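The values are calculated or read from the model by the stated rules, or taken from the named source; none is laboratory data. Just so it is clear, the structure is predicted and the values come from calculations on it, not from any experiment. Cβ atoms come from the backbone with ideal geometry, glycine included; neighbour counts cover every protein chain shown.
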Amino acid sequence: MKAQQAMGTLDAGEKAQAADLLVTVASTLNERLGVTAVELARSQALLKEASDEMLVAFRGAADRLVAAQKIDCADRPEKPEYTVVLDHLYRAVQHLQSHDLVSQLIEAQKHRVQKMRDKLTEALSLSHPPDARAMLDCIVAGIAHMDQDVHAPRAESMQSGSVDLF
Amino acid sequence: MKTILAVDDSATMREMVAFVLESAGYRVIEAEDGAQGLDRANATSCDLVITDQNMPNMDGLTLVRSLREMRDYKAVPILLLTTESSDNMKAQGRAAGATGWLVKPFDPATLLQVVQKVLR
């Protein structure tokens, strides 16, 4: 806000200089955010690759357990070893959800980065002819609206979440 | 055998929910968003619906409201299973007619306890 107010008191030469500075800042920031966007996408891809492999292992164990239970259920429906294996699989279920949660977190950051990049690109389009005030307003609006429509999970750990029955 | 409709746009989450419920003897039908969930609920008589909130096409709260308008689902328990945990969202869920609100990640044993409780 202070920068926006100060912009109103500049003469023509200073305004042109301010516009040049804003172009440098906006283009450099946009470039760095571009790198961040690529790294976020890579993180998501790596996470998916690892999760897919873990899911294959999980499915293998779960399918074997279900098949073994079907064969044995006639004579001993409650084999203690099955309960132990099921407990391990349940524990895996809780932590395999990390893929979904972390992926949503990354998605929220990608959304924020993209919104800011869109606004920086819009601000840069206002530099021909240079309009420092409009560029600054555009960048400030981008920062103000970065969190709109972002659905980031609030979980701080993979401990189970709350339960409310109405 | 009780039939449970699990609605989530994440295939991993659907698989996790289905595994836990099937291991406890329930039959599970899956849907990948609210719109598909509504179609599945129309086509099959479900004893319980478990749905995510943030999904493409139709979100969880809209699905709850749509199901509550259907005669067959006026009394069927509906659970929201979501990463959303704000009191405001929970209040919206309650007002829409949801039976309960579970925040991800879910603990399988807790999920089964809640399912048993609401199906009683």
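Report whether or not residue A:26 is surrounded by 13 or more Cβ atoms within 10 Å (Cβ to Cβ) and more than 26 Å from residue A:107 (Cβ to Cβ).
No.
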inquiry  = I need the full set of residues from the range B:1-38 which are touching a residue at least 60 places away in the same chain (Cβ under 8 Å), assigned to a loop (DSSP other than H, G, I, E, B) and more than 11 Å from every other protein chain (Cβ to nearest Cβ), in order please.
reply    = B:2, B:26
key: Condition met for residue B:107 (touching a Ser or Thr at 6+ places or on another chain (Cβ under 7 Å), free of Cβ contacts under 8 Å to residues at least 24 places away in the same chain and surrounded by 15 or more Cβ atoms within 10 Å (Cβ to Cβ))   = yes
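Scan the range B:65-104 residue by residue and report those that are basic (Lys, Arg), surrounded by fewer than 19 Cβ atoms within 10 Å (Cβ to Cβ) and facing chain A (nearest Cβ under 10 Å). Can you show your working first?
If we filter the range B:65-104 for residues that are basic (Lys, Arg), which is where we start, we get B:65, B:68, B:71, B:74, B:90, B:94, B:104.
Filter again for surrounded by fewer than 19 Cβ atoms within 10 Å (Cβ to Cβ), leaving B:65, B:68, B:71, B:74, B:94.
Scanning the range B:65-104 gives a single hit, B:94.
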task = Would you mind telling me which numbered condition in (1) at pLDDT 95 or above; (2) under 30 Å from residue A:70 (Cα atoms); (3) surrounded by fewer than 21 Cβ atoms within 10 Å (Cβ to Cβ); (4) out of contact with any Asp or Glu (no Cβ under 6 Å at 6 or more places or on another chain) residue B:24 fails?
result = (1)
Filter result (aliphatic (A, V, I, L, M) and within 14 Å of chain B (Cβ to nearest Cβ)) within the range A:127-154 = A:150, A:152
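Which one of these is over 30 Å from residue A:16 (Cβ atoms) and not in a helix (DSSP H, G or I): A:92, A:152?
So the residue among A:92, A:152 that is over 30 Å from residue A:16 (Cβ atoms) and not in a helix (DSSP H, G or I) is A:152.
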Residue check, residue B:91 within 23 Å of residue B:11 (Cα to Cα), without any contact (Cβ under 8 Å) to a residue 60 or more places away in the chain and in a helix (DSSP H, G or I) = no
